[in-house]
Each structure stands twice: as C-alpha cells, then as structure tokens.
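Novice: Okay, handing you the structure first.
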Amino acid sequence: MGETLPLGTEAEFDRVAQDYRAQHAQSTGVSEDALDYFARYKIEYVQQLWREKGRSPRVIMDFGAGIGNALAPIHDAFPEAEIIALDVSRASLDLVDAQAISKVRTLAYDGLKVPLPDASLDCVFIACVFHHIPAEHHVALLRELRRVLRPDGVLVLFEHNPLNPLTRLAVARCEFDRDAVLIGATEMRRRLRAGGFERADRRFCLFFPPALAMLRPLERFLGWLPLGAQYHLVGS
C-alpha cells in the first residue's frame, strides 16, 4: 500500500498503535481513562442524532478507527448495528480485532478508495482524522464517503478547533500530531459540500473537560460559539 497512501501515516500509526492512548493522554494532560470520556461524548451525540430521526442505523463505519477507542461506545449505543472499523494501519486494526467487540469487523484500505459497495452504510463516524490527511485529498475522500452512504445516510465528523488555544497546545505537544494541519470549521464545511454533501450542519463542542462534565447540558446553548475544543459537522 505504501506509495499509494495520501495519508502518509500508515507506518507512523503502526509504530504508535501500542502506546497511542498513553501518548494522547500525555499531550492533552488528562488521564487515559478520560480519553474514554471524549469517545463516549461523541457517540452520545451521534446516538441523540439518530433518536431525533426516530430510527437506528443498521451499518455504521468508523472512518480512521485507529485502535478502536470509539468502537465499544458505538456498540453500546447501537447494539444491533454492524460496525466497520476502517483504517490504513493494520497494526491498529489488529488491536481492534484483539478486543473482540461484538458485531465489529475491521477493514484495511489504501487511503484512497473505500472498499465497500455504493449506498451500503447508514452512518459514517469520523473522529479527528482529516487533520492527518493532506488537504488535496479531502474532497475526493469525502466523495468516496458520500458514495458508500445510503441516500438518507449521515456523516458525523468531529475535528479539532484551531481557534481554541488549548487545542492547539495539545496538538503541538503530541508526537503523532507533528504533521497535523488543523482545519477551520468553515473550510471543512466547504469541503464537505464540495464532496457531495448537500447539507453540512456545524456546531462547536467540548467546552468542558471531564472534571466539569456536569456542565455539559449548557453546551446546547454554546454550539454557535467558536471557542469549543472541537467542532462537529453533520453531512447529508
């Protein structure tokens, strides 16, 4: 796969797969257990989104699943769904396989083409992946994701907010983020639309760290404020 990968991160993430959680925790200044809070936070939002639709997704793909931080929360939220963990790092996916999470199957890809049929997914979940992908490949990959989504499917994309100084500090301190290029919410929204998503709803999020989790209900009033640690886009 090596020369065809636009990500340039297959070998890099193979190297850090075993201690990914420790490196991430060190760079963000939180415990490894707190990383699970961030994963659950994102999946709780996806779950609420589907509740509002009045139905549940049958097939969900975690795009850039890495070592699978989000997979157990996805399974807990959608226990009947098939979950596809897609990544360029086979070493990371081997760690996912070792977890033996029910209804999860791993799928390696070349960083260019998603090896799935047209209109085969209900939901694509993406957690802070695109800042590792060279910008010139974003629109083509988003077109791929639109292709594999069903017409009524949704894409939920979380990214770091470059307007938040603490986010920028955490990324600067993280070894495996040394080549990351943060993407503003407005620009990422434009790329989603260029990739074939007619709608790309945007909200800022993660205003409160795990220690202040009791304040999370306030975030529904703050989504317009571009100071959250991350933002999310819902494409359809």
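Novice: Can you give the Rg to Rh ratio for the stretch 130-236, taking only C-alpha atoms and Rh from Kirkwood? Mind dumping the intermediate values first?
Specialist: Numbers: Rg = 14.6 Å, Rh = 14.7 Å.
Taking Rh as the inverse mean 1/r over Cα pairs, Rg/Rh reads 0.99.
Novice: Write down the percent of antiparallel bridges among all DSSP beta bridges whose residues are both part of the stretch 78-236, to the nearest 5.
Specialist: Working: 12 of 23 bridges.
Antiparallel: roughly 50 percent of the beta bridges in the stretch 78-236.
Novice: Quick one: longest stretch of the chain between exposed loop GluC sites (Glu not before Pro), exposed meaning at most 13 other C-beta atoms within 10 Å and loop per DSSP? Intermediate results must be reported in sequence, preceding the final value.
Specialist: On the way: sites that count: GLU80, GLU198.
Here the longest segment lacking exposed loop sites spans 81-197.
Novice: What number comes out for the charge environment of LEU49, summing +1 per Lys or Arg and -1 per Asp or Glu over other residues with Cβ under 14 Å away?
Specialist: Numbers: positive: LYS42, ARG51, LYS53, ARG55, ARG199, ARG202, ARG203, ARG220; negative: GLU44, GLU52, ASP122, ASP152, ASP201.
Local net charge: +3.
Novice: Given Cα pairs under 8 Å that are at least 6 residues apart, what percent is the relative contact order of the chain?
Specialist: Details: 417 pairs, mean separation 44.8, N = 236.
Over the chain, the number comes to 19 percent.
Novice: Still on this structure: Report the net charge of residues surrounding SER102, where surrounding means a beta-carbon distance below 14 angstrom and charges are Lys +1, Arg +1, Asp -1, Glu -1. Could the numbers behind the result be given before it?
Specialist: On the way: positive: LYS103, ARG105; negative: ASP76, GLU80, GLU82, ASP97.
Combined, the nearby Lys, Arg, Asp and Glu give -2.
Novice: For the chain, what is the Kirkwood hydrodynamic radius in Å, using each pair of distinct C-alpha atoms?
Specialist: Values: mean 1/r = 0.0560 Å⁻¹.
One decimal place: 17.9 Å for the Kirkwood radius.
Novice: Only loop residues by DSSP count here, and only those with at most 13 other Cβ atoms within 10 Å; note down the trypsin sites (Lys or Arg not before Pro) in the stretch 133-223 that meet that. Don't jump to the answer; show the numbers that get you there.
Specialist: Details: sites: ARG143, ARG146, ARG147, ARG168, ARG173, ARG178, ARG189, ARG190, ARG191, ARG193, ARG199, ARG202, ARG203, ARG220; in loops: ARG178, ARG199.
Answer in residue order: ARG178, ARG199.
Throughout, read-outs are computed from the coordinates displayed, never taken from laboratory work. What you see is a predicted model; the values in this text were computed from it and never measured. All Cβ positions, glycine included, derive from the backbone under ideal geometry; neighbour counts span all protein chains shown.
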